[in-house]
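Enquirer: The structure under discussion is supplied below as structure tokens; questions concerning it will follow.
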Amino acid sequence: MVRKEVVRAVVVVLAVVLVGGLAFSWYVGGVLIQPALRPVAPPPPELAASGVTFASQSGATIHAWYSRGMPGHGAVLLFHGVGADRSAMVGRAVFLHALGYSVLAIDFQAHGESVGEHITVGDLESWDVVAASEFMHRALPEERVGAIGVSMGAAAVVLAKKPLGLSAVVLESMYPTIEDALDDRMKMALGPWGVICTPLLTVQLKPRLGVYPSRLRPIDSIARLGAPLLLIHGSEDHHTTIAEAQREFAAAAAPKTFWAISGAAHVDLHDFAREEYERRIDAFFAEHLSAGVARAERH
């Protein structure tokens with residue numbers, strides 16, 4: 001009799017833990033996909049940017065800043081990370097524009113001023129990348145176009161559902177798979193046992209977003225970028241580990257370059273290593289976007 005009561009008590013406790021875990025994971029999942037909508041302050045005067053909008057197959061009207069550069073210098077698309085907006089890319093936009101590049105910095109759907117129902121961690125956002133690329137190619141049909149994507153923005157570039165026609169791509173702090181991304185974040189929040197929460201989060205993707213986890217695997221698509229790649233990652237990044245970034249680099253097609261920034265976590269890598277970042281980005285885009293322009297003219 002006592003044994004049955006003990007078994008019953010254990011079952012009840014386990015049921016409570018399971019229900020509590022499911023409720024907690026559902027709440028966490030909702031927080032992760034909640035739109036990050038906000039007004040975006042005007043761009044700095046030195047960017048000489050105009051506000052533009054264009055439609056995306058994500059269902060959103062994309063809000064962006066567009067700065068026209070010098071003919072023949074190339075153009076760069078800027079894609080921010082999760083929960084941010086185009087203002088997060090303003091430092092990169094300013095230094096690139098000063099070098100003569102045309103620049104387009106967007107708000108992804110469900111971010112900044114681009115309305116959307118949910119953040120989809122790169123899936124719907126990949127349509128915004130396509131729309132941005134098409135906008136730039138229409139505006140500047142004679143220019144070579146490159147892109148810088150940060151974290152989710154990098155994943156959205158790689159997950160693009162149409163060819164982007166890019167001549168150079170910079171990917172920063174990109175997750176390889178959604179399972180890896182969630183594992184890393186759950187371990188940061190709850191310790192090594194946090195990974196048991198990952199299946200409780202990934203199972204929500206289809207009912208909440210209409211997205212299967214298999215559609216959020218940038219590492220499976222990185223070899224099809226079709227452009228020279230500069231992959232940048234912080235050596236102390238725990239949101240996406242340096243080992244995961246090395247896996248991505250191994251999966252990418254040549255030509256490719258890997259830059260591990262010593263001491264950097266999952267932070268704004270331009271802010272963290274500004275001088276070296278700008279030197280490397282300048283050299284990379286000069287080679288692939290504005291190779292026909294004399295260096296003296298670009299400076």
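The values are calculated or read from the model by the stated rules, or taken from the named source; none is laboratory data. Note that this is a predicted model, so its numbers are computed, not measured. FYI the Cβ positions are ideal-geometry reconstructions off the backbone, even for glycines, and counts take in every protein chain you see.
Enquirer: Restrict the check to the range 154-173 and report whether at least one residue is charged (D, E, K, R) and buried (at least 21 other Cβ atoms within 10 Å of the Cβ).
Expert: Looking for residues that are charged (D, E, K, R) and buried (at least 21 other Cβ atoms within 10 Å of the Cβ), one finds at least one in the range 154-173, hence yes.
Enquirer: With (1) in a helix (DSSP H, G or I); (2) in contact (Cβ under 8 Å) with a residue 12 or more places away in the chain; (3) out of contact with any Ser or Thr (no Cβ under 9 Å at 6 or more places or on another chain) as the list, and R279 as the residue in question, which single condition is left unmet?
Expert: Just one mismatch for R279, condition (2).
Enquirer: Can E179 be described as surrounded by fewer than 20 Cβ atoms within 10 Å (Cβ to Cβ), under 26 Å from F258 (Cβ atoms) and modelled with pLDDT of 95 or more? I'd like the intermediate steps shown before the answer.
Expert: Working: surrounded by fewer than 20 Cβ atoms within 10 Å (Cβ to Cβ): yes; under 26 Å from F258 (Cβ atoms): yes; modelled with pLDDT of 95 or more: yes.
It is true that E179 is surrounded by fewer than 20 Cβ atoms within 10 Å (Cβ to Cβ), under 26 Å from F258 (Cβ atoms) and modelled with pLDDT of 95 or more.
Enquirer: Tell me, please, whether a residue that is in a helix (DSSP H, G or I), under 20 Å from I261 (Cβ atoms), at pLDDT 95 or above and out of contact with any Ser or Thr (no Cβ under 6 Å at 6 or more places or on another chain) can be found in the range 157-166.
Expert: Scanning the range 157-166, I find at least one residue that is in a helix (DSSP H, G or I), under 20 Å from I261 (Cβ atoms), at pLDDT 95 or above and out of contact with any Ser or Thr (no Cβ under 6 Å at 6 or more places or on another chain), so the answer is yes.
Enquirer: Just wondering, is there one or more residues in the range 189-200 that are touching a Phe, Trp or Tyr at 6+ places or on another chain (Cβ under 7 Å), buried (at least 21 other Cβ atoms within 10 Å of the Cβ) and touching a residue at least 12 places away in the same chain (Cβ under 8 Å)?
Expert: Looking through the range 189-200, none of the residues is touching a Phe, Trp or Tyr at 6+ places or on another chain (Cβ under 7 Å), buried (at least 21 other Cβ atoms within 10 Å of the Cβ) and touching a residue at least 12 places away in the same chain (Cβ under 8 Å).
Enquirer: On to the next question. Applying the selection to the range 257-299, what residues are at pLDDT below 95 and exposed (fewer than 12 other Cβ atoms within 10 Å of the Cβ)? Quick ask: steps written out before the conclusion?
Expert: Just the residues of the range 257-299 that are at pLDDT below 95, to begin with: 290-299.
Hits for the range 257-299 are G292, A294, R295, A296, E297, H299.
Enquirer: To continue, here is another question. So which residues in the range 90-118 are part of a loop (DSSP other than H, G, I, E, B), under 30 Å from A283 (Cβ atoms) and of a type in the set (G, A, S)?
Expert: Scanning the range 90-118 gives a single hit, G100.
Enquirer: If you scan the range 122-153, which residues turn out to be out of contact with any Gly (no Cβ under 6 Å at 6 or more places or on another chain), farther than 11 Å from A75 by Cα, surrounded by 24 or more Cβ atoms within 10 Å (Cβ to Cβ) and small (G, A, S)?
Expert: G122, S126, A132, G149, listed by residue number.
Enquirer: Let me ask another. Criterion first (farther than 22 Å from Q34 by Cβ and buried (at least 18 other Cβ atoms within 10 Å of the Cβ)) does I242 satisfy it?
Expert: In short, no.
Enquirer: Further question on the same structure: Answer yes if at least one residue in the range 73-89 is touching a residue at least 40 places away in the same chain (Cβ under 8 Å), among the aromatic types (F, W, Y) and over 24 Å from R280 (Cβ atoms), and no otherwise. Please lay out each step first, then the result.
Expert: Keep residues of the range 73-89 that are touching a residue at least 40 places away in the same chain (Cβ under 8 Å), which gives 73-89.
If we keep only those that are among the aromatic types (F, W, Y) as well, we get 79.
Subsequent filtering for residues that are over 24 Å from R280 (Cβ atoms) retains none.
So far as the range 73-89 goes, no, none of its residues is touching a residue at least 40 places away in the same chain (Cβ under 8 Å), among the aromatic types (F, W, Y) and over 24 Å from R280 (Cβ atoms).
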